[in-house]
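What follows is one structure encoded as structure tokens, with my remarks underneath.
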Amino acid sequence: MINITDLSKSYGKTVVLHGLSVAYQSGMIYGLAGENGAGKTTLFNCIMGLTGYDGSIDKASGISIGYLPAETHFYSLITGYEYLDFCIKAKGKKINRARVEEANKMFQLPLHRYASEYSTGMKKKLALMALLLQDNDLYILDEPFNGVDLYGCIQLKKIIRSLKAKGKTLLLSSHQITILRELCDSIDYLSRHTIVKRYTDEPVEEIERSILADIHVGM
């Protein structure tokens, strides 16, 4: 679905990514772990074409990607429903009120209210709901569990699993290795400007020991 080769990205003299190569196949859930500032969001922005880079990112023809950033901006006078309408039209589709109402049975959002007035967790739910209604092929979720309460975490896990069951591909970042291990087919560890290791069947304890060892090496 996506093949990334020798990807590099710098901001001035600050190197964020260098020589990064990775492949993402259809119908899989990929986790991305790394310390703050390791370049996880930069990698996502490169995939989305939101920033320039060196190297190549080859995507399957006609692929539709939905991106949930760590922080989503909402204009002050846009209701939840209007936000959904805008996001769906951005994909060249028309909003279906019945489908929105059906989807909102899970999210329970006050769509008549201004989205800027929502709590952090509610904003994340609204942004995720918009991606689901777009019916994308690939979902990139940057720290999707941040600011989400216990019930929201359970819902989000259920949604992620249901998307995979439909043959969708997901790429999600998190500092919570336990959650990544629970959901993902593999976990990529981003350190020293590149992906240094991909974990597949290793238990959480082994992954954490490996990451701690790598952090000590980098000090």
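The values are calculated or read from the model by the stated rules, or taken from the named source; none is laboratory data. Because the structure is predicted, anything quoted here is derived from the model rather than measured. Note: ideal-geometry Cβ built from the backbone for every residue, glycine included; neighbour counts use all protein chains shown.
Take the conditions of a type outside the set (Asp, Glu), over 24 Å from GLY167 (Cβ atoms) and in contact (Cβ under 8 Å) with a residue 24 or more places away in the chain and apply them to CYS46. Does it pass? Steps first, answer last, please.
Working: of a type outside the set (Asp, Glu): yes; over 24 Å from GLY167 (Cβ atoms): yes; in contact (Cβ under 8 Å) with a residue 24 or more places away in the chain: yes.
Yes, satisfied.
Restricting LEU132, LEU141, LEU126 to those that are under 28 Å from ALA23 (Cβ atoms), of a type in the set (A, V, I, L, M, F, W, C) and assigned to a helix (DSSP H, G or I) reduces the list to LEU132.
Scanning segment 144-167 for residues that are of a type in the set (A, V, I, L, M, F, W, C), assigned to a helix (DSSP H, G or I) and either under 16 Å from GLN108 (Cβ atoms) or touching a residue at least 40 places away in the same chain (Cβ under 8 Å) (or both) yields LEU150, CYS153, ILE154, LEU156, ILE159, ILE160. The set of residues from segment 15-58 being of a type in the set (Val, Ile, Thr) and not in a helix (DSSP H, G or I) comprises VAL15, VAL16, VAL22, ILE29, THR51, ILE57. Within segment 37-96, the set of residues being of a type in the set (Lys, Arg) and either outside the structural domain of VAL22 (by TED's automatic domain parsing) or out of contact with any strand residue (DSSP E or B) (no Cβ under 9 Å at 6 or more places or on another chain) (or both) comprises LYS89, LYS91, LYS93, LYS94. Would a scan of segment 97-116 turn up a residue that is modelled with pLDDT under 95, closer than 29 Å to TYR30 by Cβ, in contact with a strand residue (DSSP E or B) (Cβ under 6 Å, 6 or more places away or on another chain) and not assigned by TED's automatic domain parsing to the domain that holds LEU172? No: segment 97-116 contains no residue that is modelled with pLDDT under 95, closer than 29 Å to TYR30 by Cβ, in contact with a strand residue (DSSP E or B) (Cβ under 6 Å, 6 or more places away or on another chain) and not assigned by TED's automatic domain parsing to the domain that holds LEU172. Please indicate, with yes or no, whether at least one residue in segment 155-167 is surrounded by fewer than 20 Cβ atoms within 10 Å (Cβ to Cβ) and at positive phi. Yes, some residue in segment 155-167 is surrounded by fewer than 20 Cβ atoms within 10 Å (Cβ to Cβ) and at positive phi. Selection within segment 122-150: residues that are closer than 19 Å to HIS175 by Cα and surrounded by fewer than 17 Cβ atoms within 10 Å (Cβ to Cβ). The member of this set that is nearest to the chain's Cα centre (by Cα) is ASN146.
Checked against the criterion of being among the hydrophobic types (A, V, I, L, M, F, W, C), part of a helix (DSSP H, G or I) and more than 23 Å from HIS18 (Cβ to Cβ), the candidates ILE211, ILE179, ILE215 yield just one match: ILE179. ALA103 satisfies every condition listed in (1) touching a helix residue (DSSP H, G or I) at 6+ places or on another chain (Cβ under 9 Å); (2) surrounded by fewer than 16 Cβ atoms within 10 Å (Cβ to Cβ); (3) in a helix (DSSP H, G or I); (4) among the small types (Gly, Ala, Ser) except (2).
In segment 27-48, the qualifying residues are those that are at pLDDT below 95 and farther than 14 Å from VAL196 by Cα, and the one that is surrounded by the most Cβ atoms within 10 Å (Cβ to Cβ) is GLY37.
Go through the residues of segment 171-192 one by one and say whether even a single one is more than 18 Å from the chain's Cα centre (by Cα) and closer than 21 Å to ASN3 by Cα.
Filtering segment 171-192 down to residues more than 18 Å from the chain's Cα centre (by Cα) leaves 191-192.
Filter once more, so that each one left must be closer than 21 Å to ASN3 by Cα: 191-192.
So far as segment 171-192 goes, yes, one or more of its residues are more than 18 Å from the chain's Cα centre (by Cα) and closer than 21 Å to ASN3 by Cα.
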